[in-house]
Amino acid sequence: MIGVLAGIAVGAMPGLSATMAISVLVPFTFGLDPLVALGLMAGIYNGAMYGGAIPAVLLRIPGTPAAVATSFDGYPMAQQGRGGYALQVAVVSSAFGGIASALALMLLAPPLAKVTLLFGPAEVFWIAVFGLCSIIFLLGESPIKGLISACFGIFVSMIGADPITSEERFTFGYLELFDGISIVILLVGLYAMPPVIDLLETPLETKGAGKALHTESIFKAFPRMFGYWKTWIRSSLIGIWIGILPGAGGSMAAFMSYNEARRSSNNPEQWGEGEPEGVAASETANNADTASALIPALTLGIPGTAVAAVMLGGLLVHGLQPGPMLFRDNADVVFGFMWQFLFGAILLIFLGGSLATNSFANLLKLPRPILGSIIIVLMFIGVYSINERMFDVYLMLIFGMIGYVMDKFKFPLPPVVLGLILGGFAEENLRLTLLIGRGDWMALFNNTTSLVLVALTIAVIVGPMIKRRLVKQRKP
């Protein structure tokens, strides 16, 4: 419940995101039971994806990138005096998409995990390489920038003691780096610092955000929404499919669902003028993307979105290694995590339907410089509490500046996190494969599964390059 409310609050603040909120939260979960900590993250994720609809409808300022499509019809509805109904459609649709996504995670992840249990060190190495390549070339406009980001993450993963020989690597004489760099420090620096700096640089205009919303009970409004059931089902399927694809994310799901719903509508000319079904299509899809993005993350260690990458970091912080062994060694935690996604989606109807919508709409009046300052203080406290040393705070600031520069130059940040997570994973399995094969590199290509993964990796690298070349040739 706390996670859902916090997520709605974060999503309602333009410029903030679920990724940043979870990054700031992770250090504060050290003393918690892993299932409680993961429940907070699941709640924030569910809440934030709906919370982005509040400023999108009221101000035409999407609280999250995935809420852009929501503003197309939500804002005209607010101008017509139907803003309350638009938000009710948004919260019911978000809950429907979230429930569908959680059920997909429950149904698809366990059998996929059983299949991956058959993989040996060589296959796991190629999965790690495939994950790195897929996120590099599916995120960002330039594969070269994605490659540089991933290489930076892999370099960070190599800082500290060698896992085989225990020799120091890239510590530059600092004893604090002997155990490596905590993923929490990297997450907070890369994901939380850049948007906070943007908030302080260019405070967003929030004039008119304090208008009171007078809405009827969501349970009275619900019968009017029955006509959207086809849109809910179609958008849920689109969102789940997009969520499973590495690097796609809720924004793509929302736009694809909106376009498909408009194409199937009997009155497409009214879309963009205040059509509630447009809000339903967008919100269902961007919430159906949440839990489904964790299907490849939990089973293969390949996150489908930036938030999934941050959640992998949360798993690692609590001693849980993403991958097929997670379902064998920590079944109680991982299935509890799935159930909390389902409960979080259901809670959206009760918490977001009336209480949160009216309350957090008024939070938009909070001055952005004050909000940014509060978040910076929380970042400092959270990172310092890891080991109670200022070295970690300085390290977080360094990563924050690196993240800010990368963000300005359009370098994708998820490959950095994935490089840190999968870099050590790939190195360990590569060296284990070579030890088993007595130094023979052909041990990496000894079975059909490895060859299939190699072919998929090559396709992921070459495919986008061929596509870009074809597009350039077609241009006049």
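Observations
- All told, G11 meets the bar of being under 24 Å from Y404 (Cβ atoms) and modelled with pLDDT of 75 or more.
- Matching residues in the stretch 268-289 - criterion: being crowded, with 22+ Cβ neighbours inside 10 Å, outside any helix (DSSP H, G or I) and touching a Gly at 6+ places or on another chain (Cβ under 6 Å): D289
- Enumeration of residues in the stretch 1-23 that are assigned to a helix (DSSP H, G or I) and surrounded by fewer than 23 Cβ atoms within 10 Å (Cβ to Cβ): I2, L5, A6, A9
- Residue match in the stretch 34-50 (condition: open to solvent by 10 Å² or more (accessible area, probe 1.4 Å) and over 25 Å from L187 (Cβ atoms)): no
- Positions within the stretch 418-447 being over 16 Å from M158 (Cβ atoms), among the hydrophobic types (A, V, I, L, M, F, W, C) and open to solvent by less than 30 Å² (accessible area, probe 1.4 Å), in sequence order: A443, L444
- Those helices (runs of 4 or more DSSP H) lying entirely in the stretch 298-347 with at least 3 residues at pLDDT 85 or above and either open to solvent by less than 10 Å² (accessible area, probe 1.4 Å) or within 16 Å of L107 (Cα to Cα) (or both): 331-347
- R262 being in contact with a Pro (Cβ under 6 Å, 6 or more places away or on another chain) and in a helix (DSSP H, G or I): yes
- Filter result (of a type in the set (D, E) and either part of a helix (DSSP H, G or I) or open to solvent by less than 30 Å² (accessible area, probe 1.4 Å) (or both)) within the stretch 385-417: D392, D407
- Residue in the stretch 69-87 that is outside any loop (DSSP other than H, G, I, E, B), of a type in the set (D, E, K, R) and at pLDDT 75 or above present: yes
- Residues that are open to solvent by 50 Å² or more (accessible area, probe 1.4 Å) and at pLDDT below 75 number at least 1 in the following helices (runs of 4 or more DSSP H) confined to the stretch 125-223: 218-221.
- Of the residues making up the stretch 153-183, those that are more than 20 Å from G400 (Cα to Cα) and among the β-branched types (V, I, T) number 2.
- Residue among I370, I421, I386 that alone is over 28 Å from T165 (Cβ atoms) and either in contact (Cβ under 8 Å) with a residue 24 or more places away in the chain or of a type outside the set (F, W, Y) (or both): I370
- First in the stretch 428-456 and touching a residue at least 12 places away in the same chain (Cβ under 8 Å) and closer than 30 Å to S166 by Cα, second anywhere and hydroxyl-bearing (S, T, Y) and surrounded by 15 or more Cβ atoms within 10 Å (Cβ to Cβ), Cβ under 8 Å, 6 or more apart: A443/T433; L444/T433; L444/S450
- For the stretch 224-245, filtered to residues that are open to solvent by less than 30 Å² (accessible area, probe 1.4 Å) and modelled with pLDDT under 80, the residue that is nearest to the chain's Cα centre (by Cα) is G243.
- Residues within the stretch 24-59 that are closer than 27 Å to L326 by Cα and assigned to a loop (DSSP other than H, G, I, E, B), tallied: 4
- Considering only residues in the stretch 398-415 that are among the hydrophobic types (A, V, I, L, M, F, W, C) and at pLDDT 85 or above, the one that is farthest from I183 (Cα to Cα) turns out to be F409.
- When restricted to residues that are among the β-branched types (V, I, T) and more than 16 Å from Q340 (Cα to Cα), the stretch 1-55 contains 7.
The values are calculated or read from the model by the stated rules, or taken from the named source; none is laboratory data. Just so we're clear, the structure is a prediction, and the values are computed from it rather than from any experiment. As a convention, Cβ positions derive from the backbone with ideal geometry for all residues, glycine included, and neighbour counts pool all protein chains shown. Protein only, heavy atoms only, side chains kept; ligands, DNA and RNA dropped before computing areas. Shrake-Rupley method; radii C 1.70, N 1.55, O 1.52, S 1.80 Å.
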